[in-house]
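A.B. asks: Here's a structure for you.
The values are calculated or read from the model by the stated rules, or taken from the named source; none is laboratory data. No experiment lies behind these values; they were computed from the predicted model shown. Positions of Cβ are backbone-derived with ideal geometry, glycine not excepted, and every protein chain shown enters the neighbour counts. The area values use the complete protein model at the heavy-atom level, side chains included, leaving out ligands, DNA and RNA. Shrake-Rupley method; radii C 1.70, N 1.55, O 1.52, S 1.80 Å.
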Amino acid sequence: MNNEEKYEVIELLGLTALFTEERIDDSYVPDGLYKYELREGDGLDFYYGSIEKHVTVNHVGTILVGKAIDLGTEGYIAFDDLTDDDYPGFDGKEMTVGEYISTCCK
């Protein structure tokens, strides 16, 4: 993870976040950002199955977001229980972590 690396901008759960298919070590997450991982879905209807703090098997992506996400008592949010507006959506934009922090985290 470096300052010039661009990440995809993603909208999910009403939040704007940065997305990568790579894993990001916790030690590289800047102060003020939260890291979550996405698990692959089980069926054909949902590519993304859930958002969790850490995914060991079936990891399909990592997000960085400026607000903590309440994962509930189960420790995850299943996307098949959400509306289409809350499901991960990409708009083709990219930005660096610094750009994200300056625009989305104020």
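A.B. asks: By accessible area of protein heavy atoms, probe 1.4 Å, what ranking do 59, 54 get, highest first?
C.D. replies: On the way: 59 40, 54 110 Å².
So, going from the largest accessible area down, we get 54, 59.
A.B. asks: If you split all Cα-Cα distances of the chain into 10 Å bins from zero, what percentages do you get per bin, shortest first?
C.D. replies: 15, 51, 30, 4
A.B. asks: Can you compute the label reach from residue 85? Point 7 Å from Cα along the Cβ direction, backbone N cut-off under 15 Å, restricted to the stretch 1-38.
C.D. replies: Answer for the stretch 1-38: 11-16.
A.B. asks: Another question, then. Before I look further, what does the chain give for accessible area per residue, probe 1.4 Å, in whole square angstrom?
C.D. replies: Working: 6530 Å² over 106 residues.
With the other protein chains kept in place, the chain gives 62 Å² per residue.
A.B. asks: Now for a different question. Whole-Hz ³J(HN,Hα) for each residue in the stretch 23-38, computed from phi via Karplus 6.51 cos²θ - 1.76 cosθ + 1.60 with θ = phi - 60°, x for glycine and proline: what do you get?
C.D. replies: Karplus-based 3J(HN,Hα) across the stretch 23-38 equals 7, 10, 5, 3, 5, 8, 7, x, 3, x, 10, 10, 10, 9, 10, 9 Hz.
A.B. asks: Convert each backbone phi in the stretch 8-17 into a coupling constant with the Karplus relation 6.51 cos²θ - 1.76 cosθ + 1.60 (shift: θ = phi - 60°), then list the ³J(HN,Hα) values in order as whole Hz, x for Gly and Pro.
C.D. replies: For the stretch 8-17, the Karplus curve yields 6, 8, 10, 10, 7, 6, x, 10, 9, 9 Hz.
A.B. asks: Still on this model: For the chain, with a Gaussian network of springs between Cα atoms less than 10 Å apart, report the residue from 82, 13, 38 with the top mean-square fluctuation.
C.D. replies: Ranking 82, 13, 38 by mean-square fluctuation puts 82 first.
A.B. asks: While we're on this one: Check the chain and count each lysine pair with an alpha-carbon distance under 13 angstrom, considering only pairs eight or more places apart or from different chains. Mind showing how you got there, number by number?
C.D. replies: Numbers: 6/93; 35/53; 35/67; 67/106.
So the count of such lysine pairs works out to 4.
A.B. asks: Still on this structure, please answer the following. Quick check: at a probe of 1.4 Å, how many percent of the accessible area of the chain sits on carbon and sulfur atoms? Each step should come with its number before you reach the end.
C.D. replies: On the way: 2900 of 6530 Å².
Here it works out to 44 percent.
A.B. asks: Right, here's the next one. Using the crude model of +1 on Lys and Arg Cβ and -1 on Asp and Glu Cβ, and no other charge, please compute the dipole size for the chain relative to its Cα centre, in debye to 20. It would help to have the intermediate numbers written out before the result.
C.D. replies: Details: 8 positive and 24 negative charges, 84 e Å.
It works out to roughly 400 debye.
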